[in-house]
Amino acid sequence: MCIRDRYMRKLYTKLFEDQNVLKDLTTDDRDRVYQEVETHVAFGLYSHAFPKNQSEADKAFYQKMILLQWIDPHWLGNKKDDLKVDYWRSACGTFEDMENARTPAQKLGCLRLCVNIINQGLIKFSNRKEAPGADDLLPMFLYVLIMSKPKMIYSNLNYIAAFRQPNAPMDETAYCYTQINTAVGYLESFVAENVNMSKEEFSKRVKEEAAKQGIDIDMTKFILPKQGKIRATQAAQFC
């Protein structure tokens with residue numbers, strides 16, 4: 001745990017170590033107090049705590065998403081009836097909103113909106129009789145993540161993990177945070193085998209996209225360094 005994380009945990013502990021302050025509050029009211037404190041702290045520290053520029057990991061992930069713009073959503077496991085391109089653009093917009101949000105709760109709210117848009121779309125455009133599950137959500141989440149090309153995905157996930165108050169309730173936002181971590185981890189190591197394509201054809205398509213975008217690409221570095229251990233630790237602290 002880094003110094004920043006230890007500081008934030010100590011801060012929240014000190015703020016609420018006197019439980020008499022909260023003892024007469026309902027659980028919902030106590031959660032609202034925690035939320036207000038988190039918002040106040042995050043707003044005050046944002047300009048100092050959130051990176052002003054992409055990290056090297058951010059840049060690598062962003063570039064990889066650019067180079068995967070040719071991916072057909074069917075290759076990710078999405079069903080034909082689920083694909084209404086105009087509808088999914090609204091889900092892509094939530095990642096831009098997340099990058100502009102200032103507090104962990106606001107950023108998580110953008111992720112929750114993205115998941116809700118996907119779930120509603122899967123219900124609307126298919127003949128499912130039951131609500132979509134995680135296995136239905138992930139393929140479309142992958143497609144939306146690729147199409148949205150988030151510029152600072154790691155910076156945002158790290159910020160959420162570091163500054164989300166430790167007593168945050170286990171709810172839909174925690175599920176959304178887990179889903180995006182799963183999707184990011186999948187795309188870090190995304191290669192030809194993931195779309196049942198030969199390495200030669202995959203490499204050809206990536207290089208064609210790179211030439212179109214004016215990007216120098218080294219295919220030996222197309223599999224990104226795994227950030228999963230860092231994110232898993234943060235997710236455990238968050239949840």
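The values are calculated or read from the model by the stated rules, or taken from the named source; none is laboratory data. Just so we're clear, the structure is a prediction, and the values are computed from it rather than from any experiment. No Cβ is skipped: glycine too gets one built from the backbone with ideal geometry, and neighbour counts run over all protein chains shown. Protein only, heavy atoms only, side chains kept; ligands, DNA and RNA dropped before computing areas. Shrake-Rupley method; radii C 1.70, N 1.55, O 1.52, S 1.80 Å.
Is it fair to say E172 is out of contact with any His (no Cβ under 9 Å at 6 or more places or on another chain) and closer than 30 Å to T103 by Cβ?
Taking the combined requirement at face value, the residue satisfies it.
Go through the range 49-68 and give me each residue that's surrounded by 14 or more Cβ atoms within 10 Å (Cβ to Cβ) and of a type in the set (S, T, N, Q).
Q54, S55, Q63
Looking only at residues in the range 125-150 that are open to solvent by less than 40 Å² (accessible area, probe 1.4 Å) and either among the charged types (D, E, K, R) or not in a helix (DSSP H, G or I) (or both), which one is modelled with the highest pLDDT?
P150
Here's a check for you: in the range 169-193, which residue that is open to solvent by less than 70 Å² (accessible area, probe 1.4 Å) and free of Cβ contacts under 8 Å to residues at least 24 places away in the same chain is nearest to the chain's Cα centre (by Cα)?
Restricting to residues being open to solvent by less than 70 Å² (accessible area, probe 1.4 Å) and free of Cβ contacts under 8 Å to residues at least 24 places away in the same chain, the top hit is D171.
Restricting to the range 176-216, name every residue that is assigned to a loop (DSSP other than H, G, I, E, B) and either within 29 Å of I160 (Cα to Cα) or in contact with a Cys (Cβ under 9 Å, 6 or more places away or on another chain) (or both).
Across the range 176-216, the qualifying residues are S189, F190, V191.
Here's a check for you: in the range 194-218, which residue that is of a type in the set (A, V, I, L, M, F, W, C) and within 25 Å of the chain's Cα centre (by Cα) is surrounded by the fewest Cβ atoms within 10 Å (Cβ to Cβ)?
Taking the range 194-218 as the starting set, the residues that turn out to be of a type in the set (A, V, I, L, M, F, W, C) are 195, 197, 202, 206, 210-211, 215, 217.
Going one step further and asking which of them are within 25 Å of the chain's Cα centre (by Cα), we end up with 195, 206, 210, 215, 217.
Working: V195: 17, V206: 20, A210: 17, I215: 13, I217: 17.
Ranking the candidates gives I215 first.
Out of (1) touching a residue at least 12 places away in the same chain (Cβ under 8 Å); (2) within 26 Å of K52 (Cα to Cα), the odd one out for I117 is which?
The one condition I117 does not meet is (2).
If only one of L113, L122, L108 is more than 16 Å from Y154 (Cα to Cα), assigned to a helix (DSSP H, G or I) and under 14 Å from the mean Cα position of the chain (by Cα), which one is it?
L113
Restrict the check to the range 22-30 and report whether at least one residue is at pLDDT 75 or above, surrounded by 14 or more Cβ atoms within 10 Å (Cβ to Cβ) and of a type in the set (V, I, T).
No: zero hits.
Of the numbered conditions (1) at pLDDT below 90; (2) touching an Asp or Glu at 6+ places or on another chain (Cβ under 9 Å), T173 satisfies every one except a single condition; which is it?
Failed condition: (2).
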